[in-house]
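The next block holds one structure in the form of structure tokens; read it before the comments.
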Amino acid sequence: MIKKPLILGIESSCDETAASLVTENDQGSPVILSNIISSQVEVHKDFGGVVPELAARSHIEKIDLIVQRAINESEKSIEDIDAVACTAGPGLIVCLSVGLSFAKTFASIINKPFIAVNHLEGHALSPKSNSLLDYPYLLLLISGGHSQYLNVQNFGKYKRLGTTIDDALGEAFDKTAKLLGVEFPGGPQIEVLAKKGDPEKYNLPKPIFNKGGCNLSFAGLKTAVLKITKTIKTEQEKFDLAASFQKTIEEILYKKTKIAFEQFEKNKTIKKKVFVVAGGVAANKKIRSMLINLCKEKNYESIFPPIELCGDNAAMIGIVGLEKFKLKQFNDLDYPAKPRWALDEEANFLKGAGVKL
Ligand code: KG4
Ligand code: ZN
């Protein structure tokens, strides 16, 4: 019997230290043998956001134990590992450097290839853990640092159709939560508060709703939320604001996704209309159900990663590592940490004042 590849995946780009062992089944689909995540919520709670130096220090403290646990839980041994895949970017450079340094050392000691992985590609391929994904597919990547529509033409071949011109969607959720007095990390709590509120109570802006194709903008929402929070007197009004924010986001994504569908369909090579949603915000149940309904309306198959693979994890890094291993796409041990690393490196930078849409 031919041995299936076994990949150790490592992730440390922001505030999660994670390690995972990934192999494949007879159909060539990834199988996750272990997926260990250590979150740093307690480390950053008092600061209301991620403090890079503290995050890096915590990665250094945890990484050996997390990798050890991932190997133990997989019931494999170090000798079985065929390659070490690690996030090389984008992310916080001091944090990336911890994982990278560990992964390169580990790979060289066991004398196996090192594979540098783009964190965003990890999110893009995360649904491979529970679904068969054929190329091309349309991807909506919504995380704390990125919000993009991408035509995933093939493995490693991305064409960006739209992106945020200011804040990422997760960032908008986090900032709104902070303004509502919710403890860090507040994004997921908005959904909880929203359930108790009236979504029609406040009329929030929808920046670039009627222009800019499927590009997105969320910064104006934060300013509007800030103004309203100054007038809020009761808990109920807080719930109403969370509900109005959640509803506004759903309306923006509904409209922009329809535009992204039209752009994706211009591509003559599509065999099947498939829409994948990944990244931390893909865990939002109301956004999920709205997008599932839109897919039914427009005859798309909708695919989401399991909830536990929406946020940052190392299984998704192992999944990319597995693909790269099969293609023998290995990297040298001097591969740099890349704080910025776009999936579509030919797309224009679309942030800041003076952006033309
Ligand atoms: O993918 P991820 O774990 O990290 C990045 O690569 O950025 O995404 C984290 C983001 C955070 O901004 C968090 O608030 C947001 O995802 N998030 C959510 C939910 N769960 C996580 N936002 C809205 N609703 C949720 N249920
Ligand atoms: Zn992420």
Debye equation applied to the C-alpha atoms of the stretch 132-208, log10 I(q)/I(0) at 0.18 Å⁻¹: -0.85
20 Å cut-off, amide nitrogen to a point 7 angstrom out along Asn210 Cα→Cβ, residues in the stretch 256-286: 256-260
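Report the extension gain between Glu235 and Lys271 in nm, rounded to one decimal, defined as 0.36 nm multiplied by the number of residues separating them, less their alpha carbon distance.
Additional length available on full extension: 8.0 nm.
Roughly how many debye, to the nearest 20, is the charge dipole of the chain about its Cα centre, given +1 on each Lys and Arg Cβ, -1 on each Asp and Glu Cβ, and no other charges?
Numbers: 46 positive and 42 negative charges, 286 e Å.
Approximately 1380 debye in magnitude.
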Listed residues Cys86, Leu96, Ala124: farthest to the positive end of the dipole of the stretch 64-125 (Cβ charges): Leu96
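Report the local net charge at Asp134: Lys and Arg +1, Asp and Glu -1, summed over other residues whose C-beta lies under 12 Å from its C-beta. Don't skip to the end; give the middle numbers.
On the way: positive: Lys128, Lys271, Lys272, Lys273; negative: Glu301.
The answer is +3.
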The stretch 133-304: antiparallel DSSP beta bridges as a percent of all, rounded to 5: 60 percent
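Which helices pass in the chain if a helix is a full DSSP H run, must span at least 20 angstrom along its long axis by Cα, and must have mean Kyte-Doolittle hydropathy not below -1.0?
On the way: long enough: 52-74 (31 Å, -0.22); 93-110 (25 Å, 1.88); 235-265 (45 Å, -0.65).
Sorted by number, the helices that extend far enough and score high enough are 52-74, 93-110, 235-265.
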Whole-Å distance, taken between Cα centres, linking the stretch 35-95 and the stretch 276-330: 21 Å
Cys14 accessible area, assembled protein chains, probe 1.4 Å, Å²: 40 Å²
Under the Karplus curve 6.51 cos²θ - 1.76 cosθ + 1.60, θ = phi - 60°, whole-Hz ³J(HN,Hα) for the stretch 332-339, x wherever Gly or Pro sits: 6, 6, 9, 4, x, 6, 10, x
Sulfur and carbon atoms: percent of accessible area, the stretch 133-304 [1.4 Å]: 52 percent
In Å², nearest 10: area of Leu65 left accessible to a 1.4 Å probe: 100 Å²
Per residue, in Å², the accessible surface of the chain once ligands and nucleic acids are set aside, probe 1.4 Å: 45 Å²
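Under the √(5λ) rule applied to the eigenvalues of the Cα gyration tensor, what semi-axes describe the equivalent ellipsoid of the stretch 213-327? Give them in Å, descending.
Details: eigenvalues 205, 80, 34 Å².
Whole-Å semi-axes of the equivalent ellipsoid: 32, 20, 13.
What does the convex hull of the alpha-carbon atoms of the chain project to on average, in nm²? Let's see the in-between values first.
Working: hull surface 73.4 nm².
Result: 18.4 nm².
Work out the length of the dipole vector of the stretch 133-304 about its Cα centre, built from +1 on the beta-carbon of each Lys and Arg and -1 on the beta-carbon of each Asp and Glu, and round it to the nearest 20 debye. Working shown, then result.
Values: 29 positive and 18 negative charges, 96 e Å.
The calculation lands at about 460 debye.
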Area accessible to solvent at Asp312, 1.4 Å probe radius, in Å²: 30 Å²
Solvent exposure, largest accessible area first (probe 1.4 Å, DNA, RNA and ligands not counted), of Met290, Met1: Met1, Met290
Fraction of the pair-distance distribution of the stretch 133-304 above 29 Å, Cα-Cα pairs, percent: 20 percent
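The values are calculated or read from the model by the stated rules, or taken from the named source; none is laboratory data. Everything numeric in this text was worked out from a predicted model, so none of it was measured. With ideal geometry, Cβ positions are generated from the backbone for all residues, glycine too; neighbour counts draw on all protein chains shown. Note: accessible area is taken over every heavy atom of the protein model, side chains too, but ligands, DNA and RNA are not part of it. Shrake-Rupley method; radii C 1.70, N 1.55, O 1.52, S 1.80 Å.
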